[in-house]
Ligand SMILES: Cc1cc2nc3c(=O)[nH]c(=O)nc-3n(C[C@H](O)[C@H](O)[C@H](O)COP(=O)(O)OP(=O)(O)OC[C@H]3O[C@@H](n4cnc5c(N)ncnc54)[C@H](O)[C@@H]3O)c2cc1C
């Protein structure tokens, strides 16, 4: 544990609240767990808390649709207060800024310190930042969503002339298509350090390239952007472009407080968990979603949703002295990539689908799945 992990508590000993159970973050896994508990009629012990940066949980699968103008803000948000009320959980709107897993204390952005008996972490990740930036180009991380949405609203008054989306995964593709659709006059480009959608089916990679080409979006692959300086983006001393803004959809990086928590982390700073989604060496802490470094699991909403039932069962089990369940990662995960016009591309294992006739049907299927998730998880 680093000495600076818990500055506030160590210096002031200002423990103002203690809770049997603290849920940190309203990520996908906790939303699923809360729905499971409601369906089964179980409630966490009195005094349990949900700590969330936001009053709402934003559903990432619908964010590109929001940007493209296909969904409203309300359609993409799940209000947390009614869920907490139904389960008898207190809602604290604040950021966790530090965790001391040895003393079982959490420090919040409000200065409050919470002592917990059991903790479940589902606070997700942030996009990776370029190695160097002099802030001469506006950097817009795709997460946290409220900040991204605020920038998108400001662009509606004054759209950028040129915009680069950095990243080569599904989020980068979808956001580029959505921004292009919404801001017709903006020259959009996608730059990625490897191949576009390199981890998805080859058929989808081809379809996605066609989509970008048809939409007049410039694609630059195998180009690692390391520096933002002098109004431009650079790859190993070569100027790549001088866009007005760079949207970061660069994959997941860990919150710094994961590493300083005293919990075992992997090289990238994500919290190592065993098959029960317990933090390695800390049985009082569960970790799910992007925050977790779990064997066979990947960082996506789909995997986080699959963590949900295991987290729901295991949290209940620790209060009932019942056996814990193990998480079984699925081999393949379905990816449906929105093309901003109501259509979608599909990747599952080596199977890729899209194209003129299939994409509209896949789009309808994606909308159905996304809207069903929202319907099931909000009150
Ligand atoms: C634009 C975009 C589109 C995407 N589309 C898809 C998709 O279609 N399918 C898919 O599978 N994946 C998608 N992803 C990836 C997906 O968003 C993440 O992998 C997934 O959200 C991770 O879920 P999670 O449960 O770990 O956390 P999240 O769903 O990210 O939730 C974390 C929660 O914790 C809160 N929080 C964060 N930090 C703190 C803190 N310090 N204190 C308190 N609360 C905190 C946040 O406000 C948030 O509510 C997309 C990502 C992006 C950027």
### Query
In the range 23-41, is there at least one residue being surrounded by 18 or more Cβ atoms within 10 Å (Cβ to Cβ), within 20 Å of the chain's Cα centre (by Cα), more than 8 Å from the ligand (Cβ to nearest atom) and not in a helix (DSSP H, G or I)?
yes
#### Entry: Options 247, 233: the member that is surrounded by 17 or more Cβ atoms within 10 Å (Cβ to Cβ), assigned by TED's automatic domain parsing to the domain that holds residue 164 and under 18 Å from the mean Cα position of the chain (by Cα)
247
### Query
What number of residues in the range 262-278 are closer than 17 Å to residue 117 by Cα and more than 15 Å from the ligand (Cβ to nearest atom)?
2
### Query
For residues in the range 343-364 being farther than 17 Å from residue 209 by Cβ and either in a loop (DSSP other than H, G, I, E, B) or not assigned by TED's automatic domain parsing to the domain that holds residue 179 (or both), which is nearest to the chain's Cα centre (by Cα)?
349
#### Entry: Residue satisfying condition, being assigned to a loop (DSSP other than H, G, I, E, B), outside the structural domain of residue 57 (by TED's automatic domain parsing), more than 16 Å from the ligand (Cβ to nearest atom) and modelled with pLDDT of 95 or more, within set 189, 136, 154
136
### Message
Looking only at the range 271-291, count every residue that is within 19 Å of the chain's Cα centre (by Cα) and in contact (Cβ under 8 Å) with a residue 60 or more places away in the chain and tell me the total.
### Response
7
### Scan of the range 314-334 for residues that are buried (at least 21 other Cβ atoms within 10 Å of the Cβ) and assigned by TED's automatic domain parsing to the domain that holds residue 264, ordered by number
314, 315
### Task
Give, as residue ranges, the helices (runs of 4 or more DSSP H) completely inside the range 51-111 that count at least 1 residues that are within 8 Å of the ligand (Cβ to nearest atom) and in the same structural domain as residue 286 (by TED's automatic domain parsing).
63-68
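Conditions (1) within 27 Å of residue 180 (Cα to Cα); (2) modelled with pLDDT of 95 or more, marked per residue:
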site: 296; (1), (2): no, no
site: 333; (1), (2): no, no
site: 354; (1), (2): yes, no
site: 373; (1), (2): yes, yes
### Task
Looking only at the range 365-372, decide whether some residue is within 16 Å of the ligand (Cβ to nearest atom), touching a residue at least 12 places away in the same chain (Cβ under 8 Å), surrounded by 15 or more Cβ atoms within 10 Å (Cβ to Cβ) and not in a helix (DSSP H, G or I).
no
### Query
Is the range 141-150 home to any residue that is over 17 Å from residue 76 (Cα atoms) and either in contact (Cβ under 8 Å) with a residue 40 or more places away in the chain or assigned to a strand (DSSP E or B) (or both)?
yes
### Summary
All-but-one check, residue 340 against (1) in a loop (DSSP other than H, G, I, E, B); (2) touching a helix residue (DSSP H, G or I) at 6+ places or on another chain (Cβ under 7 Å); (3) away from the ligand (no atom under 14 Å from the Cβ), failing number (3)
### Query
Of the residues 161, 191, 204, which single one is surrounded by 14 or more Cβ atoms within 10 Å (Cβ to Cβ) and over 23 Å from residue 362 (Cα atoms)?
191
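The values are calculated or read from the model by the stated rules, or taken from the named source; none is laboratory data. Treat the numbers as computed from the prediction; the structure is a model and nothing was measured. Here the Cβ is made from the backbone with ideal geometry for all residues, glycine too, and neighbour counts use every protein chain on show.
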